Structure formats: C-alpha cells, structure tokens
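Have a look at the structure below, then the notes.
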Amino acid sequence: MNAFVDTSVVLRYLLGQTDPVDCWGRWKQAFVSELMRAEFFRAIDRLRLQGEIEDADRVQLGLDFEIFYRTCHRVPVGGQVLARADQPFPTVIGTLDALHLATLLLVQQGTGLELTLLTHDDQLARTALACGVPVLPALNCA
C-alpha cells in the first residue's frame, strides 16, 4: 500500500492514544503534505501549554516526528495544490483538509500511484471517499 498520511494519524500514534492505525509503518511509500510539520508542532505545543504533556515529552515527540517525517515523500504546497484546493469538493471540507486532499489527488495524478489516505478525521475521510480515494481506518458511514 502507498499511503498519504494525515497529521491526526501521526499524533495518535506518537502520543500512544487508543486505536492507532494498524498499518503504521507497513506502507511501501508514505507521502505527506509539508503542511504536516506545522500542524504537528502546533498541536504538541498546544498540548504542552495546556499542561497535557511535559516539556520533555514535547522534545521526545519532536524527535520522533522528525524520524517519521524524514522517511516520507514531502509534497510542497505550491500553486497547483492551492489551485486544486480552490475547486469544489463533493462534500464539506475545511481549508487545511482541502489542501491535504488536493495534495493527495495531485500526487496520484502525477505519479499514477493509488494512494490510501490514513486519517482519523471523519470530514476529511468522507470527502476523500467521495473523491474515490480509499481511506483507513474505515469510516463508519452509518
């Protein structure tokens, strides 16, 4: 499987939260938007400032993230991504998620690879499925 990994998956895995994706690290190739770095560090800094993690945890999470991030194909947010994110999507999606999904769709178009979106974000998952992109973990559409 070739994966496009969302920040929610990385956070859940590195924070040791319940129900991480069971395919962590078992992908052929992993792609991420360069937006992930800012999203990840904003999230862990917020957790630190709210007292949910300690300074030492923040440091270790940053180191663990860097190891993961270096193994991924990092896709810049350029004009093509912004132009695709401007276009309509079949379901409601926020700006950052639209940028991630636009990146995934353009990577697929440019490489011919089928990418599976790894996300814990229901809105992003729903829109990806509506665009024909496989999603893990499976979205409960009931």
**Item:** 14 Å beta-carbon shell around Thr71, net charge (K/R +1, D/E -1)
**Value:** +3
**Prompt:** What spacing in nm lies between the two simple spin-label points modelled at Arg26 and Ala138, each 7 Å away from Cα in the Cβ direction?
**Reply:** 1.5 nm
**Prompt:** Most exposed first by the Cβ proxy, i.e. fewest other Cβ within 10 Å, how do Thr116, Thr111 rank?
**Reply:** Thr111, Thr116
**Prompt:** Summing +1 for each Lys or Arg and -1 for each Asp or Glu, what net charge is found among the other residues whose Cβ lies under 11 Å from the Cβ of Ala125?
**Reply:** -3
**Prompt:** Using alpha-carbon positions, what is the distance between the centroids of region 74-142 and region 1-46, in Å?
**Reply:** 15 Å
**Message:** Give me the percent relative contact order of the chain, please, defined on Cα pairs under 8 angstrom at least 6 residues apart.
**Reply:** 30 percent
**Request:** Based on the mean of other Cβ atoms within 10 Å per residue, sort peptides 4-16, 121-133 so the most packed one is first.
**Result:** 4-16, 121-133
**Request:** Could you give me the radius of gyration and the Dmax of the chain, taking only the C-alpha atoms into account and expressing both in angstrom?
**Result:** 14.9, 44
**Prompt:** To the nearest 20 debye, what is the magnitude of the charge dipole of region 2-136 about its Cα centre, counting +1 on the Cβ of each Lys and Arg and -1 on the Cβ of each Asp and Glu?
**Reply:** 360 debye
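Here, each number is a calculation from the coordinates, and none is a lab measurement. Because the structure is a prediction, the values reported are computed rather than measured. Glycine also receives a Cβ, built like all others from the backbone with ideal geometry; neighbour counts cover every protein chain displayed.
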